[in-house]
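First up is the structure itself, then whatever we jot down about it.
The values are calculated or read from the model by the stated rules, or taken from the named source; none is laboratory data. Quantities reported herein were computed from a predicted structural model and do not represent experimental measurements. Backbone-built Cβ (ideal geometry, glycine too); neighbour counts: all protein chains shown. SASA here: full protein model, heavy atoms, side chains in, ligands and nucleic acids out. Shrake-Rupley method; radii C 1.70, N 1.55, O 1.52, S 1.80 Å.
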Amino acid sequence: MSARHILTYLVAILPLGLFIGYPLGALLWSSVSTSNEGAVTYTLAFLAEALSSPAYLAVLGVTLVICIATAIISVAIALPMALFVWSRPARYQPIALLVLILPMFMSYIVKIYTMRSLLGLNGFFNQLLLTTGIVDKPTTLFLFNRGSILATFVVLYIPFAALPIYLSLERVPANFVLAGRDLGASYARALKDIVLPLASPGIVAAALFAFILALGDFVTPQMVGGPSGMTFGRIVWSQFGLAFNYSLGAALGIVLLVVTVAALAGSGLASRALTARMGR
Amino acid sequence: MSASRMNVAFGAVFTGAVMLLYLPILTVALYAFFPVERGSIDLSAPTLGYFADLAGNVSVLEALANSGLAALLSSLLSLVVATLYAAYLREKSGPFKVAFEALIYAPFFLPPIVVGLSLLLASASSGIPRGVATIVLGHSLFTLAVVYRIISVRLANLPPSLVQASADLGASRLQTIRFVTIPHLMSAYVAAGLLAALLSFDETLITALVAGDTTTLPLRLWAMMRVGFSPSINALVVVVVGICLVLSLAAFATLSRETRPA
Amino acid sequence: MLRAAPKTAGEYVPLVGLRDVAVDYGALRVLQPTDLTIAEGEFLTILGPSGSGKTTILKLIGGFLSPSAGQVSFKAADITGLPPERRPFNTVFQDYALFPHMSVAENVAYSLRVKGASRSERLDEARKALELVGLAGFGDRKVAQLSGGQQQRVALARAIVAKPSLILLDEPLSALDAALRHQMQSFLKSIQRQLGTTFVFVTHDQQEALAMSDRIVVMNVGRIVQIGSPAEIYNDPFNAFVATFIGRNNLLPATPLPEHRDRFTTEIGVVQARSGEAAGVDADCQLAIRPECISVRRRGLELASEQKNRIEGVVREVAFAGTHYGYRVAAGARCTVTLECSGRHNETDGPLSVGEDVEMSFDPQDTRIIRT
């Protein structure tokens, strides 16, 4: 590599380093330092607290359970949806795809609002129960608990799960199902043996998207989770609001970052292993 | 299970989920056009009154202006940066390119809260005040991944023979870019720009962390939601969803027209 | 793997039948009501240009498509509504449709796996099938590591491993280059003889059809035009479409002379056709003469052989084709005759050149009458 090449490389990577590397560095730096009237002291206390406080770990556990459940349920709903779109005749496919992914862009905050109205005291479910006489006054059963967070996450992230699944299905040649059936497999068997293994990278990506998006979400739990719906994202967020503890917030953010990187790495391995194993 | 039965099952899931995804928004939108008295809706007297109220709401208008500005500036910024990187990285390969692209895609794959948090701490440590500038920066980082992806894929699809043919016919490098490369990329630019504007307009989590005292439409809506139910929220929902719908349909139309075989 | 010996020519046992089968796509009828019987053990080729309905017939037999009307039968049973997985037929797809996430052996053994065969049986049968197609030892490879010709053989092995009653081949050679295609033609034919399995082969390539088939079904615009052996199809084309789609032909519009029913007036004068063939033809028709059946010589030279039909003309185009010279000769006012002269049987004294005056002759026996 010539000096000129190295120079252009440095010039090219500079903005990325500045605007992505520097903030991530600031996150790391803030998590191990604290400044008091200009005097900076370095300490691992914040990271230690983030990793050892039983309260934080308990919330992390609950958050991981909700996020994994979100990933599984979203994929379980998105997969048949994507298969449905994929098996439409070619000329109806674009419109079916549009219907599938349009909610992705129909405003995140609006969807939370509508879920809140759906689940709330005057919401659709309560109206239904009241009209049918199952309850005689509105119940808070639907709102302000972990179930309502999970339900809202699923509604928010189904389209994000459906798109990568559809994109990977689209790469499966159309006549593979016919070839499988020609060789004696039922439609379901052909899907299981041929289509799903080939689409498994998309399915893993779908689960990953739903998981990561849910992991860092702090608006949804705040709006539909109520006091009992504390999640890790909300704890991090609160360090920059009421608690105003940047260093602890950064340390907690590092924990989220590590979980995310682990999920990314794990999904890469899972995707490769699944494709290989399901072919057998 | 037979093929038709499976398809019926898939169709049922599809229909159910689509109703779950669309009906709540449609219901809320309906509430924006009719007077609501003590929780029940009066369908006999449609009104645009809530929209008139919005038009007189200074904080909503200010939030709308900020959102529009951020969407415009951040999509332009990511288009320019994505073009430069797509052109620079086109001929590259190996670990350099992998590392480069990992950096470009990172803000898209990390949870928004981590990206927002990092930017917030960076602005604190560098002394840059939070406001429209930090919002634009945050949105550009986030949308860069999408825009870069669209443009670099389209650039990779430009057959080298077209560039060679242009040079063979006597065009200079600049003329080739002007008459061959840019027309080839044009619809990718339109789609990527629309998508970036849409993502920026809708972005909430990063914005909440880097906005400081500035407010955008999603943040305004969030604040109104915390106070409680009001018909003007429904009207604002209609406005926000309308803008998102127009942008996404336009992006979708551009992309699907392009991918259809000529 | 080896099954019954191939059926002898006389034995004709119907295996699959189409009765009045028609296919509509919306308002468009892509297959007119069609009857076809496929005999056990035969190599049947369905030949036609694109859009002729040949692939539609293949899909009907395979069960990939339901007919809008009519019945598909297998032996005595009605299988019209039977899905592909329950038909004892296997297909070699045009693009092979080999599953990329499975090894070669796993691909070949897939139908046995679906049937619930044991692992050892699967491996054993896959190995035998791969041996038969000349790919012994390739079982553990990935599909992507194979050449096009090898993938073709894997697709064939996969189709024969379960010993189906019939194998459908959907233009399987169209993706191969010319040399490989010729090699695969004789290979497919020899496999078919060895197994005695019925092959239904779809192609648009007339040379392929002539070289491989026991019977050829010629199709055009959604209907069967002619069914016959390759020689019958070539020598006795039923209509102008068959005459020009299979091999090349000179077609001359002709009117029968009232008192001589094997003599016709044409643009290039009176021509005598094969005797007896004209029986019943008293309306306008066409005469078909194959280019290789026409002799040519420089005008004024002595005749080497005396033939009844003679035309004079001027050479307009000369093309050297290796085995022969191709000429286009203007004759009469508006007529151009195409003819081929092999070097050995050239009745000229060296190749002709453009602008030379020539005399052409052809035997009435080689002059077919085509009803219009």
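Summary of values
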{"quantity": "Count of residues meeting criterion [in a helix (DSSP H, G or I) and more than 23 Å from B:Phe100 (Cβ to Cβ)] in segment B:149-162", "calculated": "2"}
{"quantity": "Test set (1) buried (at least 24 other Cβ atoms within 10 Å of the Cβ); (2) closer than 14 Å to A:Thr220 by Cβ; (3) at pLDDT below 95 - A:Ser74 fails condition number", "calculated": "(3)"}
{"quantity": "Scan of segment B:226-245 for residues that are within 8 Å of chain A (Cβ to nearest Cβ) and more than 15 Å from A:Ser117 (Cα to Cα), ordered by number", "calculated": "B:Val240, B:Val241, B:Cys244, B:Leu245"}
{"quantity": "Residues satisfying the stated conditions in segment A:6-60, i.e. over 21 Å from B:Ser118 (Cβ atoms) and in contact (Cβ under 8 Å) with a residue 12 or more places away in the chain", "calculated": "A:Val59"}
{"quantity": "Filter pass, C:Thr37 being farther than 22 Å from A:Pro89 by Cα, in a loop (DSSP other than H, G, I, E, B) and either open to solvent by 10 Å² or more (accessible area, probe 1.4 Å) or within 14 Å of another protein chain (Cβ to nearest Cβ) (or both)", "calculated": "no"}
{"quantity": "All helices (runs of 4 or more DSSP H) inside segment B:166-230 with 2 or more residues being at pLDDT below 90 and either buried (at least 22 other Cβ atoms within 10 Å of the Cβ) or of a type outside the set (Lys, Arg) (or both)", "calculated": "B:173-176, B:182-202, B:217-227"}
{"quantity": "Sole residue being free of Cβ contacts under 8 Å to residues at least 12 places away in the same chain and outside any helix (DSSP H, G or I), chosen from A:Gly147, A:Gly184", "calculated": "A:Gly184"}
{"quantity": "Subset of segment A:241-253 that is buried (at least 21 other Cβ atoms within 10 Å of the Cβ) and of a type outside the set (S, T, N, Q) - its residue that is nearest to A:Pro201 (Cα to Cα)", "calculated": "A:Gly253"}
{"quantity": "Pair list, Cβ under 8 Å, 6 or more apart: segment C:57-77 residue at negative phi and away from every other protein chain (no Cβ under 14 Å), other residue loosely packed, with under 14 Cβ neighbours inside 10 Å and part of a strand (DSSP E or B)", "calculated": "C:Ser68/C:Asp24; C:Ala69/C:Asp20; C:Gln71/C:Asp20; C:Gln71/C:Asp78; C:Val72/C:Asp78"}
{"quantity": "Boolean, A:Phe105 is free of Cβ contacts under 8 Å to residues at least 12 places away in the same chain, among the aromatic types (Phe, Trp, Tyr) and surrounded by 21 or more Cβ atoms within 10 Å (Cβ to Cβ)", "calculated": "yes"}
{"quantity": "Identity of the residue in segment C:164-185, among the charged types (D, E, K, R) and within 16 Å of the chain's Cα centre (by Cα), that ends up most open to solvent (accessible area, probe 1.4 Å)", "calculated": "C:Arg181"}
{"quantity": "Enumeration of residues in segment C:99-120 that are among the small types (Gly, Ala, Ser) and at negative phi", "calculated": "C:Ser103, C:Ala105, C:Ala109, C:Ser111, C:Ala117, C:Ser118, C:Ser120"}
{"quantity": "Which numbered condition A:Tyr9 misses (of (1) modelled with pLDDT under 85; (2) among the aromatic types (Phe, Trp, Tyr); (3) assigned by TED's automatic domain parsing to the domain that holds A:Gly147)", "calculated": "(3)"}
{"quantity": "Of all residues making up segment C:18-60, the number that are in contact with a Pro (Cβ under 9 Å, 6 or more places away or on another chain) and among the hydrophobic types (A, V, I, L, M, F, W, C)", "calculated": "8"}
{"quantity": "Residues within segment C:85-115 that are surrounded by 15 or more Cβ atoms within 10 Å (Cβ to Cβ), out of contact with any strand residue (DSSP E or B) (no Cβ under 8 Å at 6 or more places or on another chain), not acidic (Asp, Glu) and not in a loop (DSSP other than H, G, I, E, B), tallied", "calculated": "7"}
{"quantity": "Residue check, B:Ala3 more than 30 Å from B:Leu158 (Cβ to Cβ), among the small types (Gly, Ala, Ser) and at the interface with chain A (Cβ under 7 Å from one of its Cβ atoms)", "calculated": "yes"}
{"quantity": "Selection within segment C:186-204 - in contact with an Asp or Glu (Cβ under 8 Å, 6 or more places away or on another chain) and open to solvent by 10 Å² or more (accessible area, probe 1.4 Å)", "calculated": "C:His204"}
{"quantity": "Residue that is farthest from C:Leu166 (Cα to Cα) [pool: residues in segment A:144-189 that are of a type in the set (D, E, K, R) and within 12 Å of chain B (Cβ to nearest Cβ)]", "calculated": "A:Glu170"}
{"quantity": "Residue check for A:Ala270: more than 11 Å from chain B (Cβ to nearest Cβ), free of Cβ contacts under 8 Å to residues at least 12 places away in the same chain and surrounded by fewer than 24 Cβ atoms within 10 Å (Cβ to Cβ)", "calculated": "no"}
{"quantity": "The listed residue being more than 13 Å from every other protein chain (Cβ to nearest Cβ) and surrounded by fewer than 21 Cβ atoms within 10 Å (Cβ to Cβ), out of C:Leu130, C:Leu146", "calculated": "C:Leu146"}
{"quantity": "Conditions (1) surrounded by fewer than 19 Cβ atoms within 10 Å (Cβ to Cβ); (2) closer than 21 Å to C:Lys189 by Cα; number of the one not met by C:Ser118", "calculated": "(2)"}
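Per-residue answers, yes or no, for (1) within 30 Å of A:Thr140 (Cβ to Cβ); (2) part of a helix (DSSP H, G or I):
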residue	(1), (2)
A:Thr220	yes, yes
A:Val224	yes, yes
A:Met230	yes, no
A:Gly233	yes, yes
A:Ser238	yes, yes
A:Gly249	no, yes
A:Leu252	yes, yes
A:Val255	no, yes
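Residues checked against (1) more than 8 Å from every other protein chain (Cβ to nearest Cβ); (2) under 14 Å from the mean Cα position of the chain (by Cα):
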{"position": "B:Ala167", "(1), (2)": "yes, no"}
{"position": "B:Ala192", "(1), (2)": "yes, yes"}
{"position": "B:Ala208", "(1), (2)": "no, no"}
{"position": "B:Met224", "(1), (2)": "yes, no"}
